[in-house]
Number of protein chains: 2
Amino acid sequence: MPEIPATMRQLQSLVTTTGELHLSLETVDTPQPSERDVLVRVEAAPVNPSDLGLMLAMADVSRAVQGGSAEEPTVTAPVPAAVMGALKARVGQAMPVGNEGAGLVVAAGASPEAQALLGRTVGFAGGATYGEYCLASPRMCLPLPDGATAADGASSFVNPLTALGMVETMRREGHTALVHTAAASNLGQMLNRICLTDGVPLVNIVRRPEQAALLREQGALHVCDSSAPTFDADLVAALRGTGATLAFDAVGGGQLASQILNAMEAAIVTPDAPYSRYGSDVHKQVYVYGALDPRPIELRRRFGFAWGVGGWLLTPFLARTGPDDLARMRRRVSDELTTTFASHYTDEISLREALHVGTLQRYARQATGEKFLLRPQS
Amino acid sequence: MPEIPATMRQLQSLVTTTGELHLSLETVDTPQPSERDVLVRVEAAPVNPSDLGLMLAMADVSRAVQGGSAEEPTVTAPVPAAVMGALKARVGQAMPVGNEGAGLVVAAGASPEAQALLGRTVGFAGGATYGEYCLASPRMCLPLPDGATAADGASSFVNPLTALGMVETMRREGHTALVHTAAASNLGQMLNRICLTDGVPLVNIVRRPEQAALLREQGALHVCDSSAPTFDADLVAALRGTGATLAFDAVGGGQLASQILNAMEAAIVTPDAPYSRYGSDVHKQVYVYGALDPRPIELRRRFGFAWGVGGWLLTPFLARTGPDDLARMRRRVSDELTTTFASHYTDEISLREALHVGTLQRYARQATGEKFLLRPQS
């Protein structure tokens with residue numbers, strides 16, 4: 001087992017009272033696992049939209065300024081006044097960043113669950129994976145199969161369990177098909193592979209023709225491009241073809257949720273059905289699990305009264321999931337780590353490189369097809 | 001048992017392809033009950049917002065024009081082009097109106113449930129109570145207690161079971177207190193009486209100071225006036241005081257649902273709580289059961305990911321309710337018909353008077369404190 005240094009480097013994000021974002025690498029004490037935790041030497045961590053939300057605090061990165069030195073780079077960027085209200089609770093607190101990663105379990109608490117992971121390479125979810133070491137709960141660790149690298153397992157927790165969680169939620173709530181927005185994302189491609197394997201009809205909503213082409217190449221049967229003039233009609237046709245009455249929406253702003261609900265209702269109510277001003281009695285649901293669009297959600301109700309829109313997050317979903325179901329889902333991720341659940345990275349960067357303004361501006365774009373892997377040990 | 005005429009008068013509402021609302025009294029065959037139905041001679045029917053939605057089809061009643069004769073009055077009014085899309089499914093169909101009423105069961109099908117009601121005065125829900133006779137399902141009838149008049153029972157179904165349904169929903173979904181909007185309505189006053197009796201903390205949201213005064217006179221402990229400059233802070237304080245995480249909203253347009261969710265989150269998250277960009281893990285729910293405001297619902301998300309907004313209607317709620325719970329609720333309405341569940345009417349009108357433009361413009365205003373009772377037999 002490699003020796004554990006007393007201190008380590010960690011990326012931290014601070015919003016000041018004057019409306020400035022400060023990113024820096026700090027030297028902090030390497031944490032010690034409590035009885036039930038493990039300590040992971042983080043070898044790989046993906047840069048996901050959910051990480052950037054906390055790290056960049058909606059700052060204007062086009063105006064980011066490099067500071068510090070080559071050894072100790074820092075970045076500052078202005079936070080728009082309009083979003084400062086939403087950040088009130090974090091102002092003045094330097095926060096670690098990074099929701100998941102993979103690496104070697106180098107220390108473990110006394111509990112059997114923790115001890116069982118010692119010496120294993122795990123994928124895991126934590127709150128501070130953008131650092132050399134990170135604590136994790138065994139419940140949030142997935143031991144990687146033999147031969148899998150930390151890079152293979154870096155995204156083995158959040159996206160795989162989120163995608164499987166969507167299909168589980170569909171079954172639990174009595175739906176038989178799914179709609180997914182921002183469907184060309186890594187998560188979206190994963191969900192498409194799961195649905196193709198499992199025979200779950202999936203309506204993929206994307207924002208550009210090239211994203212539609214990408215998903216079709218990967219076997220997607222129903223792809224609707226919201227930039228197409230025929231989008232609403234395309235969506236109704238796809239919903240009629242699949243019977244989907246449940247959508248997972250990463251966008252979460254503007255009218256997309258409303259368009260989906262209205263299209264679902266239009267697909268359900270045939271033109272010759274008797275008029276009811278209360279709409280159909282088929283429940284239509286949109287779960288919002290992201291916030292790619294910061295505008296308000298605008299619901300234009302032409303979809304009757306049998307509808308719901310709500311938030312969805314992985315952690316509370318896992319808390320509601322029984323141990324058998326959870327074990328089944330984790331086993332599947334492990335078995336299909338380099339196929340169904342493979343993530344592809346276009347760039348690998350060190351912690352220092354993550355704080356180079358030019359690099360930061362690239363990964364902050366969250367462009368489809370580009371995905372960065374952080375290598376905290378390099 | 002009084003003789004049943006072969007034909008009867010019925011109020012009908014028609015939207016034409018040219019965007020005009022036509023209201024008229026039509027002579028139609030008196031319907032015959034099937035095996036499981038009863039025929040009610042309608043003696044009283046309330047004019048509720050939900051009735052006016054179908055009857056007036058969002059037409060501009062300030063421009064209503066009287067037609068027909070004193071015996072056979074008709075009303076026409078223009079329907080704004082903007083709402084014609086939403087009415088597509090009803091264009092060209094003359095529709096009966098009226099969601100509930102009370103009267104004598106004058107004929108019954110062969111089923112025991114139907115026969116048990118013959119000769120009883122019942123409050124009931126139907127779809128055509130603005131006529132001299134109306135069919136009803138025994139499941140949707142409430143036999144009135146001895147001594148109760150049809151006027152006492154005219155509003156004994158929709159509002160009482162809706163108000164009880166809100167409290168039932170609160171308990172089923174694990175909440176312990178309620179928020180209600182448009183709280184000075186007849187329904188709102190009823191809910192306030194139920195909550196005071198049952199010890200359920202209730203936050204009443206109203207739109208004007210005089211409505212707040214009315215509810216306070218009736219013992220309401222938490223009243224927030226959305227026209228007050230201190231509304232947001234008042235609401236947070238009331239939510240903190242009651243712990244309410246469930247709201248029933250009759251307004252359903254604009255930012256009110258969003259304000260409620262944000263105030264709930266602000267009441268839950270104390271200023272010294274550690275920052276989480278996913279918000280609290282306490283589920284906050286708004287059920288929209290009306291559409292007093294026709295604008296889109298605008299959700300400004302400062303309330304994390306543990307939230308839901310959805311439609312709520314009485315009929316599907318009753319369909320999800322077991323027979324024992326339903327019997328308990330109905331017994332309570334019967335026992336407390338002239339106290340908790342009393343409705344007060346300021347005006348009584350005949351079917352003909354309902355089609356006098358001046359009268360129609362009065363009840364179409366849906367002013368708080370004014371409530372009309374239709375008397376189809378007079």
The stretch A:52-93: relative contact order from alpha carbon pairs under 8 Å, six or more residues apart, as a whole percent, is 35
Where in chain B are the DSSP H helices whose alpha-carbon span along the long axis reaches 15 Å or more and whose Kyte-Doolittle mean is at least 0.0? B:158-172, B:186-198, B:231-242, B:256-268
Distances in nm from B:Pro49 to the matching label points in the other copies, shortest first (labels 7 Å along Cα to Cβ): 3.6
Points 7 angstrom from Cα along the Cβ direction at A:Phe231 and B:Glu370: gap in nanometres? 4.3
Pop a pseudo-label 7 angstrom from the Cα along the beta-carbon direction at both B:Ala89 and A:Arg295 and give the gap in nm to one decimal. 2.7
Amide H neighbours of B:Thr245 at under 5 Å, excluding residues fewer than 5 places away on the same chain, with H built from the backbone geometry, are B:Thr176, B:Ala177
So for each of B:57-69, A:297-309 I average, over its residues, the number of other beta carbons within 10 Å; can you give me the resulting order with the highest mean first? A:297-309, B:57-69
Dividing the helical contributions, -39500 (n - 2.57) per DSSP H run of n ≥ 4, by the residues of the protein assembly as shown yields a 222 nm value, nearest 500 deg cm²/dmol, of -8500 deg cm²/dmol
Taking the alpha-carbon centroid of each part, what is the distance from the stretch B:200-269 to the stretch A:255-309 in angstrom? 27
log10 of Debye I(q)/I(0), alpha-carbon scatterers only, for the stretch B:159-317 at 0.13, 0.15, 0.16 Å⁻¹: -0.55, -0.74, -0.85
Given a 1.4 Å probe, how much area per residue of the stretch A:79-145 is accessible, in Å²? 35
Ranked from the most accessible area to the least, with a 1.4 Å probe and all protein chains present, what is the order of A:Asp152, A:Asp225? A:Asp152, A:Asp225
Just checking the output field for B:83-90: average partner chain Cβ neighbours within 10 Å of each residue's Cβ? 3
Can you list residues from other chains, or at least 5 along the same chain, whose modelled amide H is less than 5 Å from the amide H of B:Ala44? B:Ala102
In nm, give the distance between the simple-model label positions of A:Asp60 and B:Ala319, each being 7 Å from the Cα along the Cα-to-Cβ direction. 5.2
Could you tell me the relative contact order of chain B? Use alpha-carbon pairs under 8 Å, at least six residues apart, and round to a whole percent. 17
Cβ neighbours within 10 Å from other chains - mean over B:291-301: 5
How far is A:Val282 from the same spot in each other copy, in nm, shortest first, if each label point sits 7 Å from Cα toward Cβ? 3.7
Put a label point 7 Å from Cα along the Cβ direction on A:Ala94, then list its distances to the equivalent points in the other copies in nm, shortest first. 8.0
In this structure, the FRET efficiency calculated for B:Ala70 and B:Thr149 from their beta-carbon separation, with R0 = 41 Å, to the nearest 0.05, is 0.90
Mind listing the long-range amide H neighbours of A:Val223? Cut-off is under 5 Å, sequence gap 5 or more, other chains count too, H placed in the peptide plane at 1.01 Å from N. A:Asn204
From the P(r) of the protein assembly as shown, can you give the percent of Cα pairs sitting at distances over 47 Å? 30
Tell me, how many Å apart are the Cα centres for the stretch B:10-26 and for the stretch A:98-171? 65
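The values are calculated or read from the model by the stated rules, or taken from the named source; none is laboratory data. Just so it is clear, the model here is predicted, and its values are computed rather than measured. No Cβ is skipped: glycine too gets one built from the backbone with ideal geometry, and neighbour counts run over all protein chains shown. To get the accessible areas, we keep the full protein, side chains included, count just its heavy atoms, and leave off ligands, DNA and RNA. Shrake-Rupley method; radii C 1.70, N 1.55, O 1.52, S 1.80 Å.
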